[in-house]
Every structure is written in C-alpha cells, then in structure tokens.
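Report on the following structure.
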Amino acid sequence: MWLTGRLSRFLPAPATEAGAGSGSGAESGVADAVVMLHGLARTHASLAPMAMALKAAGFRVVNWAYPSTSAAPEVLVEEVGKAVDAAGPGRVHFVTHSMGGILLRDWLTTHRPAQMGRVVMLAPPNHGSELVDKLGDNPVFSMVGGQAGLTLGTGPESWPNRLPPADYPLGIIAGTRSLNLVLNTLLPGPNDGKVTVESTRLEGMADHLVLPVTHTFMMVNPVVIRQVLAFLREGRFDPSLTLASVVKETFQAVQSG
C-alpha cells in the first residue's frame, strides 16, 4: 500500500472507464486490461511497481510470470495466450520488457484478443542483441539465458528477425544508459547496456521514444511509467514529460494534498 501511494503521486488523475483508452470498456462496464510480460532471466516482480501504477490509474492488470530461462521459445509463446485468457473480457493492452516483447510479437502473428488494445515495449531486442552474438558460446551465458536467450542474436534467422513488422498500435521506449561499461563496449551505438537503440525499432510502430534509462531498471523509472500510461491512453508518447516536470508535478501534489 505504501508503494502504491508513492507511485500514485507520479500519476495523472485515475482513468475513468472511457479514459482508460479510446474504445475501452465504457459500453461493457469493464475497465481495460493490461497484460504485462517481463524479460529474460527476470520475474514478474520486476514489473510490480509499474503494475501498481497502472492499477492506480484504473486499469485491470495481469502481471504474468513465465519460465523465461527454462523453456523453449515456442513453449514460452503459449504463455501469452494464458495471460490474455486470465485478463478476461474487454479490451486488452500489453506492456512488455525486453524478451517479453519478442514473445508478444510471435504470439500476435497468429492470435489477437477479441478487443485488441495498444502495445508498449520497453527495450525490446526487435533485431536481436550483439551480446548474444559475442557471448552466446560462453557456458555462463547459456546457463543464465537458457534456450530462449540463445535465439536472440542479430542474424537473419534469429527469433526476432524471423518475425513480421507490427500491424497493431505499438509504442517503443529505448534507453541510453549502461550499468556495465564492459558490455557497453560490445554494443555498437547508443544502448541501454543490453540492447541498442537501433535494435529496438520496428517497422510499423506508431511511436518511438529514447530516454536516459538502463535496460535493467527502466521499468521503475517515473518518466517511463508516465510515458507508458500516455501511450496506453492516447496512442502516442508525451514529449513534454521529463523527470523535472514529473518531480515538479509531484511536489505540487504533495504541497496541495
């Protein structure tokens, strides 16, 4: 409860059923759902703060846990369908981090929710990661990343590069900060320590945003959370949102309340 209260200070007023997204559950009386998919070697706990923020903003949230390092890609993709089923009736949006975006892309090639909503991908390796190319033969990397992690290279036959462009409302947030200077040197161009900004881009996306955040912790960044909400509600990111503006708004809210 304490964390939810803290996060709610960074949020705009809670969404009404109609405000949760155009074409949302206003007619059915069911609020929009958001299915969340974590990244490789992470758990649903990594997305818990954002899940709390989305709930505080009026969404129904399914923060799905799946065995990212112990199952084959085709098995992991089936987890997306289970999460959508758990979301129940009404419009369904998606928020993914890292490999979670690749699972979703794969699943959406042959499936769609009855009411497809919007998608926000955080640091998705949409064209793979050079780290897999260079470290994939390392036993430690194989142990940590599992079978699915080894498919995330940049070659033409890699898992992400075999998938089609986006044909759904998609917003992507990329980061430019790295926590590991060694890994940073293995990645060409601006990157978040795991994925380059260029690799996050995907043909068919509606919006793309680059922020000074890291791959590992971007999902708990207040600006990222606010930008996710902006895209889910409006179908575009808000260029006026900065850390300074969010902090100022939070300070004003504390002063007035």
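The values are calculated or read from the model by the stated rules, or taken from the named source; none is laboratory data. Worth saying up front: this structure is predicted, and the values here are computed from it rather than measured. When we count neighbours, we look across all protein chains shown, and the Cβ atoms used for this are built from the backbone with ideal geometry, even at glycine. Surface areas here come from the heavy atoms of the whole protein model, side chains and all, with no ligands, DNA or RNA. Shrake-Rupley method; radii C 1.70, N 1.55, O 1.52, S 1.80 Å.
Looking only at segment 173-184, decide whether some residue is within 19 Å of M36 (Cα to Cα) and not small (G, A, S).
Within segment 173-184, one or more residues are within 19 Å of M36 (Cα to Cα) and not small (G, A, S).
For segment 93-109, enumerate the residues that are out of contact with any Asp or Glu (no Cβ under 9 Å at 6 or more places or on another chain) and outside any loop (DSSP other than H, G, I, E, B).
Answer for segment 93-109, where residues must be out of contact with any Asp or Glu (no Cβ under 9 Å at 6 or more places or on another chain) and outside any loop (DSSP other than H, G, I, E, B): F94, V95, T96, H97, M99, G100, G101, I102, L104, R105.
Pairs only if they're at least six apart or on different chains, beta carbon under 8 angstrom, first in segment 218-241 and at positive phi, second surrounded by 16 or more Cβ atoms within 10 Å (Cβ to Cβ); list them, first residue then second.
If the second residue must be surrounded by 16 or more Cβ atoms within 10 Å (Cβ to Cβ), the pairs left are G235/R118; G235/P169; G235/G171; G235/A206; G235/D207.
Looking only at segment 31-46, which residues are assigned to a helix (DSSP H, G or I) and either in contact with a Cys (Cβ under 7 Å, 6 or more places away or on another chain) or open to solvent by 20 Å² or more (accessible area, probe 1.4 Å) (or both)?
H44, A45
Hey, could you check segment 52-64 for residues that are open to solvent by less than 10 Å² (accessible area, probe 1.4 Å) and assigned to a helix (DSSP H, G or I) and say which is nearest to L37 (Cα to Cα)?
Ranking the qualifying residues of segment 52-64, first place goes to L54.
Only one of (1) of a type outside the set (S, T, N, Q); (2) under 21 Å from L47 (Cβ atoms); (3) touching a residue at least 24 places away in the same chain (Cβ under 8 Å) is not met by E130, so which one is it?
(2)
Residue check, Q227 against (1) modelled with pLDDT of 95 or more; (2) not in a helix (DSSP H, G or I), all met but one. Which one?
The number of the failed condition is (2).
Which numbered condition trips up V144, out of (1) of a type outside the set (K, R); (2) closer than 20 Å to H38 by Cα; (3) at pLDDT 95 or above?
(3)
Is it the case that V195 is closer than 28 Å to A56 by Cα and in contact (Cβ under 8 Å) with a residue 12 or more places away in the chain?
Criteria not met by V195.
Output the qualifying pairs, or none if there are none: Cβ atoms under 9 angstrom, residues six or more apart or on different chains, first residue in segment 48-70 and farther than 17 Å from P222 by Cα and β-branched (V, I, T), second residue in a loop (DSSP other than H, G, I, E, B) and open to solvent by less than 60 Å² (accessible area, probe 1.4 Å).
Cβ pairs passing all conditions: V62/G88; T69/L40; T69/A41.
Name the residue, out of P67, P49, that is in a loop (DSSP other than H, G, I, E, B) and of a type outside the set (G, A, S).
P67
So for segment 66-73 (the condition being within 17 Å of S98 (Cα to Cα) and touching a Lys or Arg at 6+ places or on another chain (Cβ under 9 Å)), does at least one residue qualify?
The answer is yes, given that some residue of segment 66-73 is within 17 Å of S98 (Cα to Cα) and touching a Lys or Arg at 6+ places or on another chain (Cβ under 9 Å).
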